[in-house]
Amino acid sequence: MNREHREKIYRVILFASALIALLVIIMIGGFIFGEGMPIFTKYGLDKVLLGSKWQPSNHIYGLWPMIIGSIYTTMGALILGVPLGVLTAIFLAEVAPKRLVDLVIRPAIELLAGIPSVVYGLFGMVIIVPAIRALASTIPAYAEDPLLSSGYGIIAGSIILSIMILPTIISISEDAIRSVPAEYKEGSLALGATHWQTISKVMLPAASSGIIAAVVLGMGRAIGETMAIIMVAGNAPIVPDSIFSSVRSLTGNIAIEMAYSSGEHTKALFATGIVLFILIMIVNSFALWISKRGLKNA
């Protein structure tokens with residue numbers, strides 16, 4: 001077999017692999033939409049998406065509490081995790097000795113990425129939730145409400161998710177900073193700027209598209225998390241009115257109730273999956289657009 005024939009075979013194999021991956025996504029999406037759309041058709045898009053009550057036994061399927069719960073915990077995770085992740089990435093790329101990075105810090109970050117989510121949930125239940133409970137008990141407005149003083153809620157979920165998204169943000173942000181042309185840094189230093197001025201005024205703006213992509217991918221990771229958020233968020237299907245409030249995420253709603261659901265209730269959970277599927281597709285598409293924009297501007 002000559003070289004040209006081998007190249008054709010390789011192209012066919014690669015095309016088939018890509019086609020299979022695309023078909024799997026289409027099949028999953030088609031299945032979810034096929035099972036969940038009847039709920040939107042029967043009860044109306046506005047009542048399902050904006051309804052504030054989730055009572056499957058009474059055929060009430062408002063997803064707004066779960067949507068808000070996912071958004072609040074994800075935003076909280078980004079508020080806590082993004083500054084720490086980006087600062088760590090700057091430290092790894094520009095400050096830390098290479099030997100320290102290779103032998104200690106990077107293996108620790110990789111280990112952080114490999115820890116199962118249930119372990120994060122256990123850590124949250126044993127360490128974070130009691131600490132939040134102790135804090136809430138010192139606030140008179142919250143101490144008398146069992147739901148607000150339990151320690152399970154938005155704060156606990158946000159802290160756990162912020163830890164879980166750190167490896168994604170650190171790794172991609174570090175790569176983005178390291179990919180900035182060396183001439184930018186050398187030119188800035190040659191003009192008399194300090195190292196920190198060079199990092200903050202030259203390198204970070206040049207790497208901004210990659211850092212934004214890291215943040216968006218971390219957001220997608222947080223939105224899609226299930227087990228850890230179930231264990232620390234409280235899982236009450238209510239619209240939260242405080243950062244101490246118990247919440248239920250979209251993923252948690254599916255995982256908690258799918259085991260005992262049937263009939264229309266199951267279809268409502270698939271409708272939850274549709275909302276989650278669309279949210280994650282939007283987040284990932286935005287990250288891809290940011291990355292492509294960064295490549296064009298490079």
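Of Ala228, Ala176, which residue is part of a helix (DSSP H, G or I) and closer than 28 Å to Ala136 by Cβ? Give the steps one after another, and end with the answer.
Details: Ala176 fails: closer than 28 Å to Ala136 by Cβ.
Within the list Ala228, Ala176, the selection yields Ala228.
For the stretch 236-254, the set of residues classified as under 19 Å from Ser57 (Cβ atoms) and surrounded by fewer than 21 Cβ atoms within 10 Å (Cβ to Cβ) consists of Ala236, Ile238, Ile254, listed by residue number.
For the stretch 246-268, which positions are touching a residue at least 60 places away in the same chain (Cβ under 8 Å) and either under 11 Å from Ile39 (Cβ atoms) or not hydroxyl-bearing (Ser, Thr, Tyr) (or both)? Lay out the reasoning, then the answer.
First, pick out the residues of the stretch 246-268 that are touching a residue at least 60 places away in the same chain (Cβ under 8 Å): 246-253, 257, 261, 264-268.
The answer is Val247, Arg248, Leu250, Gly252, Asn253, Glu257, Glu264, His265, Thr266, Lys267, Ala268.
So in the stretch 220-230, with the set limited to residues that are surrounded by fewer than 23 Cβ atoms within 10 Å (Cβ to Cβ) and of a type outside the set (S, T, N, Q), which one is nearest to Arg133 (Cα to Cα)? So, considering only residues that are surrounded by fewer than 23 Cβ atoms within 10 Å (Cβ to Cβ) and of a type outside the set (S, T, N, Q), the one nearest to Arg133 (Cα to Cα) is Ile230.
When Met125 is tested against the conditions (1) in a helix (DSSP H, G or I); (2) closer than 22 Å to Ala77 by Cβ; (3) among the hydrophobic types (A, V, I, L, M, F, W, C); (4) at pLDDT below 90, the lone failure is (4). For the stretch 86-144, the set of residues classified as surrounded by fewer than 16 Cβ atoms within 10 Å (Cβ to Cβ), more than 21 Å from the chain's Cα centre (by Cα) and of a type in the set (Asp, Glu) consists of Asp102, Glu144, listed by residue number.
Can you tell me which residues in the stretch 124-180 are within 19 Å of Met219 (Cα to Cα), among the charged types (D, E, K, R) and out of contact with any Leu (no Cβ under 7 Å at 6 or more places or on another chain)? Spell out the reasoning first.
Applying the first criterion (within 19 Å of Met219 (Cα to Cα)) to the stretch 124-180 yields 153-176.
Keeping just the survivors that are among the charged types (D, E, K, R) gives 174-175.
Asp175, the sole residue that qualifies.
When Ile163, Ile177, Ile170 are checked against the criterion of being in contact with a Gly (Cβ under 7 Å, 6 or more places away or on another chain), modelled with pLDDT of 90 or more and not polar (S, T, N, Q), a single residue qualifies: Ile170.
Considering the stretch 1-12, the residues that are surrounded by 10 or more Cβ atoms within 10 Å (Cβ to Cβ) and of a type in the set (A, V, I, L, M, F, W, C) include one that is farthest from Ile274 (Cα to Cα), namely Ile9. What about Ser179, is it polar (S, T, N, Q) and under 17 Å from Ala96 (Cβ atoms)? In short, no.
Please indicate, with yes or no, whether at least one residue in the stretch 201-221 is in contact with a Gly (Cβ under 6 Å, 6 or more places away or on another chain), touching a residue at least 12 places away in the same chain (Cβ under 8 Å) and of a type in the set (Gly, Ala, Ser).
yes
Need a quick list: helices (runs of 4 or more DSSP H) entirely within the stretch 1-108 having at least 2 residues that are aromatic (Phe, Trp, Tyr).
Values: elements: 3-43, 45-50, 64-90.
So the answer is 3-43, 64-90.
Residues considered: Ser209, Ser149, Ser158. Of these, the only one that is hydroxyl-bearing (Ser, Thr, Tyr), in contact with a Phe, Trp or Tyr (Cβ under 7 Å, 6 or more places away or on another chain) and buried (at least 19 other Cβ atoms within 10 Å of the Cβ) is Ser149. Evaluate the stretch 259-275: report whether one residue or more is within 17 Å of the chain's Cα centre (by Cα), over 16 Å from Tyr61 (Cβ atoms) and aliphatic (A, V, I, L, M). No, the stretch 259-275 contains no residue that is within 17 Å of the chain's Cα centre (by Cα), over 16 Å from Tyr61 (Cβ atoms) and aliphatic (A, V, I, L, M).
Kindly indicate which of Ile238, Ile223, Ile211, Ile199 is part of a helix (DSSP H, G or I) and within 20 Å of Gly153 (Cα to Cα). It would help to see each step written out before you state the result.
Working: Ile238 fails: part of a helix (DSSP H, G or I); Ile211 fails: within 20 Å of Gly153 (Cα to Cα); Ile199 fails: within 20 Å of Gly153 (Cα to Cα).
It is Ile223.
Results for (1) under 30 Å from Ile238 (Cβ atoms); (2) at pLDDT 90 or above; (3) in contact with a Gly (Cβ under 8 Å, 6 or more places away or on another chain); (4) not acidic (Asp, Glu), shown as yes or no for each residue.
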| site | (1), (2), (3), (4) |
| --- | --- |
| Glu4 | no, no, no, no |
| Tyr10 | no, no, no, yes |
| Ala16 | no, yes, no, yes |
| Ala21 | no, yes, no, yes |
| Ile26 | no, yes, no, yes |
| Phe33 | yes, yes, no, yes |
| Pro38 | yes, yes, no, yes |
| Thr41 | yes, yes, no, yes |
| Val48 | yes, yes, yes, yes |
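The values are calculated or read from the model by the stated rules, or taken from the named source; none is laboratory data. Owing to the predicted nature of the structure, the values given are computational and were not obtained by experimental measurement. No Cβ is skipped: glycine too gets one built from the backbone with ideal geometry, and neighbour counts run over all protein chains shown.
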